[in-house]
Amino acid sequence: MEASFHEMDLLSRQLHQAHRAAVQSELNVSGLEKVGHPMLVSILQSAGEDPEGQCQAQRELADLLHVSPAAVANSLKCLERDGYIRREPWQKDARRNRVLLTPKGDSAVEGCRDVFRRVSARMLAGFSSEELALLAQFQRRMLNNLTAPDSHEKE
């Protein structure tokens, strides 16, 4: 039986929603429910490890996360309020702030990564290594189809 585009779209949405719900449930169990956007703290940790002291603008963070700059601003405000991040002027441009993780934020990143590992292990249970390789190949192709410069012309 061949799956229609409608069925594939529905399945994709259901998988995305189930994954988000599983991640949120694991965050709650781990006491990390206030992190809000776990990928954001992970990106901030990577930026903090940059020897150049990289300062990513909210627009850059929004692009990386595929959300609006307003959503990033709101997440940063909540993370700062809850003690996960702090802001300081950026040495290279005083008009911009660097966003740095606090020790609590560093700990949250490790907890979030554990959550993602547990959810991925649960989601991919029972797949053989060959099936996982094929799945990754299909996902890369789908991502390339959606992000290629001429992808909108193919529709």
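Rule-based calculations on the coordinates, nothing more; no lab input. All figures in this text were calculated on a predicted structure; none of them were measured in a lab. Counting neighbours? That spans all protein chains shown, and the Cβs are built from the backbone with ideal geometry, glycine included.
With everything on Cα atoms, drop me the angle between helix 38-48 and the longest principal axis of the chain, reported from 0 to 90° to the nearest 10.
50
Helix 129-147 versus the longest principal axis of the chain: what angle, 0 to 90°, nearest 10, using Cα atoms?
So the inclination is approximately 70 degrees.
Considering the chain as a Gaussian network with a 10 Å cut-off on Cα pairs, which listed residue, G126, G105, G31, attains the greatest mean-square fluctuation?
Of G126, G105, G31, the Gaussian network model singles out G126 as fluctuating most.
Give me L65, L32 ranked fewest to most by other Cβ atoms within 10 Å of their Cβ, as a rough exposure proxy. Each step should come with its number before you reach the end.
Details: L65 15, L32 21.
Going from sparsest to densest Cβ surroundings: L65, L32.
Considering Cα pairs under 8 angstrom that are at least six residues apart, work out the relative contact order of the chain and quote it in whole percent.
22
For the chain, what is the calculated [θ] at 222 nm in deg cm²/dmol (nearest 500), taking -39500 (n - 2.57) for each run of four or more DSSP H residues and dividing by its residue count?
Helices in the chain give a 222 nm mean residue ellipticity of -21000 deg cm²/dmol.
On a 0 to 90° scale, report how tilted helix 5-29 is relative to the longest principal axis of the chain, with both axes built from alpha carbons and the result rounded to the nearest 10.
40
In whole Å, what three semi-axes, largest first, describe the equivalent ellipsoid of the chain built from its Cα gyration tensor (square root of 5 times each eigenvalue)?
For the chain, the ellipsoid semi-axes come out as 32, 21, 14 Å.
Where is the GNM fluctuation largest for the chain (alpha-carbon springs, 10 angstrom cutoff): Q58, Q17, Q139?
Result for the chain, Cα springs under 10 Å: Q139 fluctuates most.
Cβ under 11 Å from L27's Cβ, L27 left aside: what net charge do those residues give with Lys, Arg +1 and Asp, Glu -1?
Values: positive: R20, K34, R118; negative: E26, E33, D114.
Taking every other residue near L27 into account, the sum is 0.
Among M39, M123, M142, which one shows the highest mean-square fluctuation when the chain is modelled as a Gaussian network with alpha-carbon springs under 10 Å?
Evaluated over the chain, the most mobile residue of the options is M142.
Might you report the magnitude of the Cβ-based charge dipole of the chain about its Cα centre, with Lys and Arg at +1 and Asp and Glu at -1, to the nearest 20 debye?
Computed charge dipole of the chain: roughly 620 debye.
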